[in-house]
Amino acid sequence: MKQTERIHHLISLLKAKRFDSHEVLLEALKKAGVESTQATLSRDLNRLGVSKIHGTYQLPGTNSSALNLKAQNHIQKALLEKLT
């Protein structure tokens, strides 16, 4: 699977649910048909600027009510374009 496809799945999962560990997130990726290692997941989270806030992984801007959904989508689209 290409990096962009893996990142797309990762973003979708992080938008849909809160994850508190790499293991749980890796399992969710596997159920979505995405094979990944812990090291690759860690790099992907880093590239996306994902932070662990209050014990769960969060995409940039999702912990701030000042950013609306349109702005969040714009940020994520720019991140994906940067990776390709």
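Laboratory data are not the source of any read-out in this text; all were calculated from the coordinates shown. Quantities reported herein were computed from a predicted structural model and do not represent experimental measurements. So basically every Cβ, Gly included, is an ideal-geometry build from the backbone, and we count neighbours across all protein chains shown.
Just a few scattered comments:
- Estimated at 0.36 nm per residue, the fully extended path between A39 and L83 surpasses their Cα-Cα distance by 14.1 nm.
- Additional length obtainable on full extension of the chain from R47 to V24, 0.36 nm per residue less Cα span: 6.4 nm
- Taking region 3-83 as the region of interest, the number of lysine pairs whose Cα atoms are within less than 19 Å, with members eight or more places apart or on different chains, is 10.
- Net charge of neighbours whose Cβ lies under 15 Å from the Cβ of G33, counting Lys and Arg as +1 and Asp and Glu as -1: +1
- Taking a sphere under 12 Å around the Cβ of I7 and counting the other residues whose Cβ falls inside, with K and R at +1 and D and E at -1, yields a net charge of +3.
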